[in-house]
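Everything on this sheet refers to the single structure shown next.
We did not get these values from a lab; they are worked out from the coordinates using the rules stated. Bear in mind that the values here come from a model prediction, so they are computed numbers and not experimental data. Ideal geometry is used to build each Cβ from the backbone, glycine not excepted, and the neighbour counts take in all protein chains shown.
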Amino acid sequence: MMLGYWLVAGLLISFGLFSLAPISVSRSKRMRIAFGFEQTEAEAKAAGIRLSGKNMIQILLAALLIGVAIAYFTRNIWFVGVGGAMGIIVPKMVISAVKFKRRMEVLMNLPGNLRLLSSKFRDCKSLQKSLEMSLSMMSGVTVPLFEQLYASLRIGLDVPTALQNMKRSVRFKKFDDFCEKVIAGNKDGFHLRSVEGIRESIADIASDMNLLQEIDIENEKKRIEPFVVFGFSLVFPFLFGYLESQMVEEFRLATTLQTGFGKLLLASMIVSVLVGLWKKDKLLRLNLDDL
């Protein structure tokens, strides 16, 4: 058994040194794809998190070392694999949670700043001037989006193109409808009917945000349930192991969890729980990227 631990430790050291050595671009890309780093890096970038391939290798190595330590104390070498699974799955879970939170913050903050902007249309007569007068009063995570829009207009970019860039950042169909009305108003003039139509779009956006918030609060309770279920499921193997240990002297048999198959079964169960917790978000969390 000790030989196995030394072998695993040697492999980890070799993997760490190999990851730091210069390698060809094609081989590096194949490694990132094989370990899922390419997808994780793209998801992190979309969530606004700086996470390079080297960072992910460091996380994986740290998780493997934790797995080795647990494997040594529990005498279950399969926990090294559990550590590797944690190094790949846990970052994905964290990125998913951060991405959802930041996306929700953007959508919730949007209606208030749109109302401030629309309140200046009648007086300022143009989108650029309205932004200039309302930016100082705006607040929240969407302010940089409006600042970028204002900067684009100041350097001479036309209104449709500038709003098209902002639509790509927001990715919300009812915001697209708002932008189309603003483009029409900027061209034909922000008369009473035009501004009323714009405010109706903002009211629709706000109504959708309130509904999303209510649904998310309801789903929040449901998202706790898998942790309870998976937590109880992990208790049972150790409970059965304890019951077996009480009978081992009488029957002179090894407990199931101490056999090779039992150790593999326990490690597989923990990995399955990690995968279940990772995948639950797709079922119990709103898809805010498709609105």
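For Val82, Val94, the sequence from fewest to most other C-beta atoms within 10 Å is Val94, Val82.
Ranked for footprinting exposure by Cβ neighbours inside 10 Å, fewest first, Val235, Val170 give Val235, Val170. Listed from fewest to most Cβ neighbours within 10 Å, the set Thr142, Thr74 follows the order Thr74, Thr142.
Partner lysines whose Cα lies under 20 Å from the Cα of Lys125, excluding those fewer than 8 positions away in the same chain, are identified as Lys181, Lys187. Remark: for residue pairs Lys92/Lys120; Lys92/Lys221; Lys99/Lys174; Lys129/Lys174; Lys174/Lys280; Lys92/Lys129, the C-alpha separation exceeds 31 Å in Lys92/Lys120; Lys92/Lys129. Distance between the pseudo-spin-label points of Ala46 and Ile215 (7 Å out from Cα toward the beta carbon): 1.8 nm. Between Ser233 and His191, the contour length at 0.36 nm per residue exceeds the Cα-Cα span by 8.8 nm.
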